[in-house]
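Remarks on the structure that follows.
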Amino acid sequence: MEKIKYTVKIKRYNPEEDRSYWQDFEVEVEDSLTVLELLMHIKDKMDSTLTFRAFCRSAICGSCAMVINNRAGLACKIQAKDKIKRGVIKIEPLKTLKPVRDLVVDQEPAFDKLKKIKPYLEADPKIVPDNTKVESLVLPEEFARYDKQTDCILCMACYGQCNAIEGNPEYSGPFQLTKVFRFVMDTRDGMDIQERIKLAEDNGIWDCVQCQMCFAACPKGIASCEDILELRRVAKDTGEDNVATRRAKFWFETVFATGQIDKFNLPAVALNDEKGEEIRNNLAKEFTQRGISQEHFVPQPFENIKDFQKFIKKVEKEL
Amino acid sequence: MKKIGIYPGCCFQGADEHNYDIIVAFLDNMGLGNVLLDRAACCGGGVIDETNKKIVYGLNARNIALAEKEGVDLYTPCNTCYMIIAKTKLALDSDPELKDAVNKILADEGLEYKGEAKIYHTLNLIRDFVGLDEYKKRIKRQISGVKIAPYYGCHVLAPNEVAVDDPEDPTILREILEPLGVEIIEGYQNETTCCGYHAGFTSPGQKERLAIKPLEGAKEAGADIVATPCPLCHKAMDGYEEPILQVTQLINVACGMTPEETHIHINKTEVKLSL
């Protein structure tokens with residue numbers, strides 16, 4: 001084992017003074033440390049007041065999520081050596097939750113949002129037996145639909161990196177929406193799907209910006225951003241009619257018809273109101289002013305579009 | 001002459017038609033020939049998933065296969081197209097069964113996804129396809145006296161598996177902007193906050209609240225202009241107090257074009273460049 005020298009830049013928070021500040025620690029430590037072990041080293045040898053949350057050290061308990069070099073992750077799962085950038089590792093508390101002290105954040109608002117989406121199975125009496133002697137079977141292919149999502153350890157790394165919360169502090173959050181997805185897909189769940197979707201819609205799926213940061217942060221490789229798209233699909237397929245579901249339908253229809261999305265007519269179709277019409281009229285004016293010919297207002301089908309359409313139909317059926 | 005395949009996404013269409021001129025001129029300025037992949041289709045835009053996720057794999061396997069048929073790599077300036085196509089490539093290259101299944105269907109159109117074509121975005125195109133040394137040689141004049149705040153946008157840095165640079169410490173945008181003679185302003189407030197483009201329809205208020213944040217951060221840090229490689233970030237963030245341009249527009253100007261020739265005058269928020 002080799003010893004290496006570097007600077008650990010930690011964003012600390014002192015609640016007595018309600019003050020956040022950066023503090024540098026110069027360390028010379030073994031190159032095999034995880035970020036959590038590095039923090040323990042600093043606490044043991046350099047500053048016993050440094051406060052962080054940790055427990056299992058095995059990426060299971062989900063206590064030690066924090067922001068390391070601008071990316072949220074579990075301190076116990078990340079090798080410190082890999083995170084030294086130009087001689088420095090930067091460590092901060094999760095960004096979308098209030099710090100309690102140093103790297104410890106108040107998780108309660110995120111847990112409150114989790115409770116709101118009813119994160120539990122409401123047994124479907126048609127599927128789940130009413131006694132404990134008979135097993136409630138789930139087929140492997142049924143479980144596969146949400147197997148990955150059950151790996152969530154509620155560490156809040158995704159939540160701490162979420163851009164939608166940056167824009168709307170009331171946003172329900174990535175892991176909360178993944179939880180909705182998990183129960184929507186569970187064959188044993190008896191709650192009405194539309195009720196589940198409603199829970200996901202309140203400051204939820206429509207506010208997601210699809211930035212992919214939740215997926216980048218998750219120590220278990222769960223892509224909440226993709227689960228959110230699936231929830232939007234379910235909302236559409238269970239008959240919901242709103243600007244987003246109209247957009248999704250029109251998007252597919254025009255790509256199928258021409259190969260490209262018709263952005264000229266999209267606002268009018270999706271918004272389905274006077275404002276949408278106004279946007280279309282303004283676009284038409286702008287295009288004319290810029291000398292764009294009318295046939296270029298909307299995409300034209302490319303050559304042999306029928307072959308493309310056959311391809312899409314086959315993909316839907318066979319892939 | 002080295003050639004690259006231009007992937008036509010929705011950022012070249014209708015009100016955004018000028019983006020096509022911008023990148024064709026950019027490729028020309030880089031000394032690259034191009035082939036327009038004119039039978040390529042929409043990448044899915046993160047919306048076709050709401051119909052059926054499998055279609056997204058199909059569409060992009062086909063898009064890449066079209067480039068491979070032409071014997072070229074695929075280039076898109078759009079962060080989102082890049083991310084979705086690169087994600088599909090990753091899925092196909094790591095799952096032989098999926099690849100075989102897609103190829104069976106592609107065969108009807110005489111296409112095959114081989115996995116040979118690389119996926120380029122403006123940032124890695126300059127670094128890996130053109131080369132930074134060659135890029136610097138092609139800069140003819142300096143855009144001096146202007147402070148530029150680089151803004152990457154999300155989809156060139158996340159997910160990590162398709163990021164074009166180290167997502168924790170990206171430097172590529174600075175390396176591309178510096179040779180233009182501009183002053184770089186980094187580390188500003190909300191530098192990595194999403195532009196909100198993809199919430200434009202589903203939650204317009206959300207888009208508005210997000211789009212302005214990086215602009216305000218850049219302005220506060222003293223930047224005159226924000227520069228993004230992504231046409232969607234540009235579209236989402238143009239029209240506020242702080243102006244934003246595409247990196248390729250600045251490069252075109254530094255390669256000798258007038259601001260009008262590379263459509264800088266179309267910006268909703270006026271931009272003044274001293275040359």
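Some observations on this one:
- Residues satisfying the stated conditions in the range A:279-306, i.e. modelled with pLDDT of 95 or more and open to solvent by less than 30 Å² (accessible area, probe 1.4 Å): A:Ile305
- Criterion violated by A:Gly276 - all others in (1) within 11 Å of another protein chain (Cβ to nearest Cβ); (2) without any contact (Cβ under 8 Å) to a residue 24 or more places away in the chain; (3) open to solvent by less than 20 Å² (accessible area, probe 1.4 Å); (4) in contact with a Gly (Cβ under 8 Å, 6 or more places away or on another chain) satisfied: (4)
- Subset of the range B:190-205 that is within 7 Å of chain A (Cβ to nearest Cβ) and part of a helix (DSSP H, G or I) - its residue that is nearest to B:Cys154 (Cα to Cα): B:His198
- Residue check for B:Ala227: closer than 18 Å to B:Phe26 by Cβ, of a type in the set (Gly, Ala, Ser), touching a Leu at 6+ places or on another chain (Cβ under 7 Å) and modelled with pLDDT of 95 or more: yes
- Residues of the range A:1-34 satisfying the condition of being closer than 22 Å to A:Lys98 by Cβ and either outside any strand (DSSP E or B) or not assigned by TED's automatic domain parsing to the domain that holds A:Arg71 (or both): A:Pro15, A:Glu16, A:Glu17, A:Asp18
- Residues that are farther than 28 Å from B:Ala211 by Cα, under 14 Å from the mean Cα position of the chain (by Cα) and touching a residue at least 12 places away in the same chain (Cβ under 8 Å) occur in the range A:168-179; there is at least one.
- Annotation: A:Lys198 fulfils all but one of (1) open to solvent by less than 40 Å² (accessible area, probe 1.4 Å); (2) more than 14 Å from chain B (Cβ to nearest Cβ); the unmet one is (1).
- Members of the range B:235-254 that are in contact with an Asp or Glu (Cβ under 9 Å, 6 or more places away or on another chain) and open to solvent by less than 40 Å² (accessible area, probe 1.4 Å): B:Glu242, B:Pro243, B:Ile244, B:Leu245, B:Asn252, B:Val253
- Answer residue from the range B:206-217, given it is within 8 Å of chain A (Cβ to nearest Cβ) and more than 21 Å from the chain's Cα centre (by Cα) and is surrounded by the most Cβ atoms within 10 Å (Cβ to Cβ) among those: B:Gln206
- Boolean, B:Lys54 is charged (D, E, K, R), more than 10 Å from chain A (Cβ to nearest Cβ) and part of a helix (DSSP H, G or I): no
- Being surrounded by fewer than 16 Cβ atoms within 10 Å (Cβ to Cβ) and outside the structural domain of B:Glu50 (by TED's automatic domain parsing) is a property that B:Glu220 has.
- Any hit, the range B:117-139, residues being assigned to a loop (DSSP other than H, G, I, E, B), surrounded by fewer than 16 Cβ atoms within 10 Å (Cβ to Cβ) and more than 14 Å from the chain's Cα centre (by Cα): no
- Some residue of the range B:149-166 being aliphatic (A, V, I, L, M), more than 9 Å from chain A (Cβ to nearest Cβ), farther than 22 Å from B:Asn63 by Cβ and touching a residue at least 12 places away in the same chain (Cβ under 8 Å): yes
- Unique residue being of a type in the set (Lys, Arg), more than 9 Å from chain B (Cβ to nearest Cβ) and closer than 22 Å to B:Leu37 by Cβ when the list is A:Lys306, A:Lys314, A:Lys263: A:Lys306
- Between A:Lys77, A:Lys43, the distinction of being under 24 Å from B:Thr192 (Cβ atoms), open to solvent by 30 Å² or more (accessible area, probe 1.4 Å), touching a Leu at 6+ places or on another chain (Cβ under 9 Å) and of a type in the set (Lys, Arg) belongs to A:Lys77 only.
- Out of A:Lys126, A:Lys95, A:Lys116, one residue alone is open to solvent by 70 Å² or more (accessible area, probe 1.4 Å), in the same structural domain as A:Phe183 (by TED's automatic domain parsing), within 27 Å of A:Ser172 (Cβ to Cβ) and in contact (Cβ under 8 Å) with a residue 60 or more places away in the chain. It is A:Lys116.
- Criterion (open to solvent by 60 Å² or more (accessible area, probe 1.4 Å), free of Cβ contacts under 8 Å to residues at least 60 places away in the same chain and of a type in the set (Asp, Glu)) met by exactly one of B:Glu191, B:Glu178: B:Glu178
- Only residues that are without any contact (Cβ under 8 Å) to a residue 60 or more places away in the chain, open to solvent by 20 Å² or more (accessible area, probe 1.4 Å) and either of a type in the set (Lys, Arg) or in a loop (DSSP other than H, G, I, E, B) (or both) were counted in the range A:141-163, giving 3.
- When the residues of the range B:169-189 are filtered to those that are assigned to a helix (DSSP H, G or I) and among the aliphatic types (A, V, I, L, M), the one that is nearest to A:Glu170 (Cα to Cα) is B:Leu173.
- Summed over the range A:80-100, residues that are assigned to a strand (DSSP E or B) and either modelled with pLDDT under 95 or touching a strand residue (DSSP E or B) at 6+ places or on another chain (Cβ under 6 Å) (or both) total 6.
- Flag for A:Gln309 being surrounded by fewer than 14 Cβ atoms within 10 Å (Cβ to Cβ) and either part of a loop (DSSP other than H, G, I, E, B) or modelled with pLDDT of 95 or more (or both): no
- Looking only at residues in the range B:1-48 that are in contact with a helix residue (DSSP H, G or I) (Cβ under 8 Å, 6 or more places away or on another chain) and among the basic types (Lys, Arg), the one that is surrounded by the fewest Cβ atoms within 10 Å (Cβ to Cβ) is B:Lys2.
The values are calculated or read from the model by the stated rules, or taken from the named source; none is laboratory data. Predicted model, so just to flag it, every value in this text is computed and none were measured. Positions of Cβ are generated from backbone atoms using ideal geometry, with glycine treated the same way; all protein chains shown enter the neighbour counts. All accessible areas refer to the heavy atoms of the entire protein, side chains included, with ligands and DNA or RNA removed. Shrake-Rupley method; radii C 1.70, N 1.55, O 1.52, S 1.80 Å.
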